[in-house]
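Participant: What follows is a single structure, and I will ask about it in a moment.
The values are calculated or read from the model by the stated rules, or taken from the named source; none is laboratory data. Since the structure is predicted, the reported quantities are computational estimates derived from the model, not experimental observations. Every residue, glycine as well, gets a Cβ built from its backbone with ideal geometry; the counts of neighbours run over all protein chains shown.
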Amino acid sequence: MGRTTPNLQLQRLPLNIVGSNKFGRYAKISFEKSYNFFISDGWMVPTPGHLKVLNIDPLSEGRGVFTSTRGNFMLAVIGSGVYAIRDEIQKVGRTIPVGDITEGIATLIGTLDTFSGDVFIDENDAEQIAICDKKDIYIYNYDAATFQKVTLDFLPGYVTFQDGYFIAPDLDRNQWRLSQINEGTVWPAGSQNVGELESKPDKCRACVRVPGKGNQLFVMGSTVTESWNDIGYKLFPYYRTNSFNIDYGCVNQSTIAAGDKFVIWLARNEQSAPVIMYSEGGQPRPISTDGINFALKQLEDPEDSYGFIYENEGHLFYQLTFRKDKVTYLYDFNTNKFFFLSDEKLENHIAKKVTFFANDYYFISLIDGNIYRLSSDFTTADGGHVPRLRITNTVRLPDSDLFIGKRMGFTIEQGDSKNLNRIDLSISNNGGITFGNFVKHDIQALPNRENKFTEYDFGISNEMTFQLRFWGDGRFLCKDGYVDVAKKAS
């Protein structure tokens, strides 16, 4: 540990290398951040990387993606094109370039009248898939191999399926509509097929079935959400739960996601900034904190947002991206903690919507019209660098006295990659407001397996915040560490 001065007392303080985003209202309260890491079994581990596997149209926008469980294919909307993708995609170990989609993996099955904007997709029991671009609804019948635009007398939005009906909001009114049972090409205008959002003067934004709750349906406006149940009435099959409603609506339908037991979305009402809510069918619970609520309140454009749920080796994640604000939050339901995800520039992650198909997750992106596979098998972003960053807690003595930073260390897996990886270390002496220069530290390549990172002599301060940036194509696994400090003996 180096030489010590006789009149100095050494003290070992904990350093939380393993940690999440703490979102202090101000940096002095907490500047803890984690980019492209999450916590598993008490270790800091890398978030999944991705690989581009299907190059459909790099100049167009990825708009929607969906897996047909009955038809056993993936459907993607890229630009104006609607593509059916077969399970041979799982055998692809390379990117299939433009022009080669006729190899049989991707087939153009139809086109929309629009070229951009979000698309919502669901499937009924009659081999029909409804595709809604918030202007029209298109029905693809994969059994009959037909694709058609439906004649409607309302402006449709987020489409879902429940109890034989396709269900969609009327974006111009407080109404929501039911298709004919198991016939998505027919949307009757009679009272048996038209519901209303009744609790507040609002317009419908989405209708969402509640997982695991049988016939329950959430009807969302911009400031309120109502709970309805299909009880089979002949006049109108759905009955509103009068005992409660949720006093939050939906900021953007594209943030709505469903787990196996709950619905989660970016919510808001007349009196609040955006908050993240989830519900298992009853009153919602926020997964926001004071710090994240403060961060959400600072957003320039919360409406430009996208959210989805996926599972990674036992961890259930909700990924929420604000495109204009260039930030992506990852919430882990297993640990109830937030993390940052990013691209190589520490801006928002590129994933827009994800689907599970052929035993893998695939996503469409915010930057192009390609299909990517998301997996812990990958430690890079389509071969590029993933910036993995950890800013620790601020180390202070209980009395805030000055101390000398003598040594810090933590356990880390090394020797995982044949290439040379490194860690850059920088220190702040003002609670994370500014940081000093980075000092570079190469870590061991194969076959060396040393398992400790150590650095010495950080000067005098009354608080120190450590920033570590991990560079390379290997995986980085870290445990909590320590800081040895010295102060004058009393």
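Participant: Pairs, please: C-beta under 9 Å, at least 6 apart or cross-chain, first residue on the phi < 0 side of the Ramachandran plot and in the same structural domain as Ile276 (by TED's automatic domain parsing) and in region 292-305, second in a helix (DSSP H, G or I) and surrounded by 15 or more Cβ atoms within 10 Å (Cβ to Cβ)?
Facilitator: Going by the 9 Å Cβ cut-off, the qualifying pairs are Pro302/Leu296; Ser305/Ser254; Ser305/Thr255.
Participant: Could you check region 358-409 and list, in sequence order, the residues that are part of a strand (DSSP E or B) and hydrophobic (A, V, I, L, M, F, W, C)?
Facilitator: Passing the criteria: Phe363, Ile364, Ile371, Leu374, Ala381, Leu389, Ile391, Val395, Phe403, Ile404, Met408.
Participant: For a quick check of your reading: which strands (runs of 3 or more DSSP E) sit entirely within region 36-89 and have at least 1 residues that are touching a Phe, Trp or Tyr at 6+ places or on another chain (Cβ under 6 Å) and aromatic (Phe, Trp, Tyr)?
Facilitator: Details: elements: 37-40, 43-46, 49-55, 62-68, 73-78, 81-85.
Qualifying strands (runs of 3 or more DSSP E): 37-40.
Participant: Identify the residue in region 431-461 that is crowded, with 16+ Cβ neighbours inside 10 Å and in contact (Cβ under 8 Å) with a residue 60 or more places away in the chain and, among all such residues, is nearest to Phe37 (Cα to Cα).
Facilitator: Per the criteria, the residue is Gly432.
Participant: Given the structure, is Ile350 modelled with pLDDT of 95 or more, farther than 27 Å from Leu468 by Cβ and either assigned by TED's automatic domain parsing to the domain that holds Gln253 or touching a helix residue (DSSP H, G or I) at 6+ places or on another chain (Cβ under 6 Å) (or both)? Before you say what the answer is, go through the steps one by one.
Facilitator: On the way: modelled with pLDDT of 95 or more: yes; farther than 27 Å from Leu468 by Cβ: no; either assigned by TED's automatic domain parsing to the domain that holds Gln253 or touching a helix residue (DSSP H, G or I) at 6+ places or on another chain (Cβ under 6 Å) (or both): yes.
Taking the combined requirement at face value, the residue does not satisfy it.
Participant: In region 470-483, what residues are surrounded by 18 or more Cβ atoms within 10 Å (Cβ to Cβ) and assigned to a strand (DSSP E or B)?
Facilitator: Phe470, Trp471, Cys478, Gly481, Val483
Participant: Kindly list the number of the only condition in (1) buried (at least 22 other Cβ atoms within 10 Å of the Cβ); (2) modelled with pLDDT of 95 or more; (3) not small (Gly, Ala, Ser) that fails for Phe340.
Facilitator: Unmet condition: (1).
Participant: Ok, one more. Take Val210 and decide whether it is of a type in the set (A, V, I, L, M, F, W, C), more than 30 Å from Ser30 (Cα to Cα) and out of contact with any helix residue (DSSP H, G or I) (no Cβ under 8 Å at 6 or more places or on another chain).
Facilitator: yes
Participant: Would you tally the residues in region 209-259 being of a type in the set (Ser, Thr, Tyr), assigned to a loop (DSSP other than H, G, I, E, B) and either under 26 Å from Glu311 (Cβ atoms) or not assigned by TED's automatic domain parsing to the domain that holds Ala351 (or both)? Please lay out each step first, then the result.
Facilitator: So the first thing to find is which residues in region 209-259 are of a type in the set (Ser, Thr, Tyr), and the list is 222-223, 225, 227, 233, 238-239, 241, 243, 248, 254-255.
Retained after the next criterion (residues that are assigned to a loop (DSSP other than H, G, I, E, B)): 222-223, 233, 241, 243, 248.
Going one step further and asking which of them are either under 26 Å from Glu311 (Cβ atoms) or not assigned by TED's automatic domain parsing to the domain that holds Ala351 (or both), we end up with 248.
Qualifying residue count for the region: 1.
Participant: Can you tell me which residue among Val194, Val219, Val210 is under 14 Å from Ala267 (Cα atoms) and touching a residue at least 12 places away in the same chain (Cβ under 8 Å)? Spell out how you get there, then give the answer.
Facilitator: On the way: Val194 fails: under 14 Å from Ala267 (Cα atoms); Val210 fails: under 14 Å from Ala267 (Cα atoms).
Only one candidate qualifies: Val219.
Participant: Can you tell me which residue within region 1-38, out of those that are at pLDDT below 80 and of a type in the set (Ser, Thr, Tyr), is surrounded by the most Cβ atoms within 10 Å (Cβ to Cβ)?
Facilitator: Among them, the one singled out is Ser30.
Participant: Then there is this: Filter region 205-233 down to the residues that are of a type in the set (Asp, Glu) and more than 23 Å from Ser254 (Cβ to Cβ) and list them by number. Show your work before the answer.
Facilitator: Residues of region 205-233 that are of a type in the set (Asp, Glu), as a first pass: 226, 230.
The one that is of a type in the set (Asp, Glu) and more than 23 Å from Ser254 (Cβ to Cβ): Asp230.
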